Amino acid sequence: MSEHRLGIIMNGVTGRMGTNQHLVRSILAIREQGGLELDDGRRIMPDPVLVGRDPDKLEALAAEHGIERFTSNLEIALASPQDTLYFDAVTTPQRAANLRAAILAGKDIYCEKPSGATLEEALDVYRLAEAAGVRHGVVQDKLWLPGLLKLKGLIDEGFFGRILSVRGEFGYWVFEGEDEAAQRPSWNYKKAEGGGIIYDMLCHWRYLLDNLFGGVKRVSCLGATHVPERWDEQGEHYFVDTDDAAYATFELEDGAIAHFNSSWCVRVRRDDLLTLQVDGTQGSAVAGLRHCRMQSRSATPTPVWNPDVEQPIDFFAGWPEVPGQETYENAFRAEWEFFIRHLYGDQGFPWDLHAGAKGVQLAELALQSWDERRWLDVPPLEI
């Protein structure tokens, strides 16, 4: 068995998502298990170099996890011939410029979404990567959540019959940061820094709809700034200038209707921070991050409307849990492993920069729909 080193330039890993999901639970976890074994017996060992703007944070992060290589100079990192993969998890306004530089340096590309601050940027990066012949992928982590994998299993086996509707509920209460620390970074609420829940979450909903239920035909969206004032990480007061909630409806190509509520200003009384309810002619299911429950047509109760008596039906009963058929890895790690296998020819990888651009397209159309207060068609992307 031969071991192959994969040098990865990891830019933006001092942030919450970059550290926890991409570095610790993905790349370092793969290293700790001895690398990733391919079908032909080769073993791939990721070797990260950490990149960021703050040298002190980088040094502390590297020391904490025993990583030898780090730098605050992206140009120097990209000049290294031994590091062939560039990963980007910086804030959205910086992403396209970084990706262009990495592509021109001949690096393969893997990045967080959105893949650009505008659709034009996202498509430009995709075209550049294709012309350069580098391999590329975009993080679409929710496809590998255990609850949604179980939901996909039900779809694939035809459990639902004809799917009628999809209802997504996402979000939780993010404290303002004055009396209790906010759980999300302040840039999420600043337009100039790439903030806004529409740009953040509509990219997710695009790939979920595309991969699980079929293409998106039309969109109608209403955004809102429900909490207009917050306090940043230094305790400084600021005004929110972008959306912190979005209410979006999608018409799918097969005629089903999907609706997603996304909010950082909502308190949770549901099974999880993200739930998807799918209703079909033969059955329904509700999926969260890890669990999925189903109700078949034969188990569906027959309620009768009568507000004058206590409801005799327990509607939460009769929804058995869908059993897991496998051991589920961290969703981010699962996609990392898919992409690494793709780099070494083990399998294809459809979640590329073109798929990433489709997410940006839907976010832009949702913002336009909100501004113009109307439904908009979602056309095929002009490559």
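Quick look at the values:
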read-out: Residue satisfying condition, being farther than 14 Å from residue 340 by Cα, buried (at least 17 other Cβ atoms within 10 Å of the Cβ) and either at pLDDT 95 or above or within 23 Å of the chain's Cα centre (by Cα) (or both), within set 7, 15, 34; value: 15
read-out: Residue match in segment 116-136 (condition: at pLDDT 95 or above, under 27 Å from residue 271 (Cα atoms), of a type in the set (A, V, I, L, M) and touching a Ser or Thr at 6+ places or on another chain (Cβ under 8 Å)); value: no
read-out: Filtered residues of segment 278-323 (kept if within 26 Å of the chain's Cα centre (by Cα) and assigned to a strand (DSSP E or B)); value: 278, 279, 280, 284, 285, 286, 287, 292, 293, 294, 321
read-out: Residue match in segment 195-212 (condition: under 30 Å from residue 341 (Cα atoms), of a type in the set (A, V, I, L, M, F, W, C) and out of contact with any strand residue (DSSP E or B) (no Cβ under 9 Å at 6 or more places or on another chain)); value: no
read-out: Residue pairs meeting the criteria (Cβ under 7 Å; at least 6 apart or on separate chains; first among the acidic types (Asp, Glu), in segment 309-329; second in a loop (DSSP other than H, G, I, E, B) and surrounded by 10 or more Cβ atoms within 10 Å (Cβ to Cβ)); value: 321/291
read-out: Sole exception among (1) surrounded by 20 or more Cβ atoms within 10 Å (Cβ to Cβ); (2) in a loop (DSSP other than H, G, I, E, B); (3) basic (Lys, Arg) for residue 358, by number; value: (2)
read-out: Flag for residue 66 being of a type outside the set (Val, Ile, Thr), crowded, with 17+ Cβ neighbours inside 10 Å and out of contact with any helix residue (DSSP H, G or I) (no Cβ under 8 Å at 6 or more places or on another chain); value: no
read-out: Leading residue by the ranking (farthest from residue 84 (Cα to Cα)) among those in segment 37-54 that are exposed (fewer than 15 other Cβ atoms within 10 Å of the Cβ) and of a type in the set (Lys, Arg); value: 53
read-out: Cβ pairs under 9 Å, 6+ apart, first in segment 240-268 and closer than 18 Å to residue 363 by Cα and not assigned by TED's automatic domain parsing to the domain that holds residue 197, second outside any strand (DSSP E or B) and of a type in the set (Gly, Ala, Ser); value: none
read-out: Given (1) modelled with pLDDT of 95 or more; (2) closer than 15 Å to residue 119 by Cβ, number of the condition residue 349 does not satisfy; value: (2)
read-out: Residues satisfying the stated conditions in segment 233-281, i.e. more than 22 Å from residue 158 (Cβ to Cβ) and charged (D, E, K, R); value: 233, 236, 241, 243, 244, 251, 267, 269, 270, 271, 272
read-out: Of the criteria (1) surrounded by 13 or more Cβ atoms within 10 Å (Cβ to Cβ); (2) in contact (Cβ under 8 Å) with a residue 60 or more places away in the chain; (3) in contact with a strand residue (DSSP E or B) (Cβ under 7 Å, 6 or more places away or on another chain); (4) closer than 30 Å to residue 220 by Cβ, which one residue 295 fails; value: (2)
read-out: The listed residue being over 18 Å from the mean Cα position of the chain (by Cα), touching a residue at least 12 places away in the same chain (Cβ under 8 Å) and not assigned by TED's automatic domain parsing to the domain that holds residue 22, out of 163, 198; value: 163
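The values are calculated or read from the model by the stated rules, or taken from the named source; none is laboratory data. Values in this document were obtained by computation on a predicted structure and should not be read as measured data. Reconstructed Cβ throughout: ideal geometry from the backbone, glycine too, with neighbour counts over all protein chains shown.
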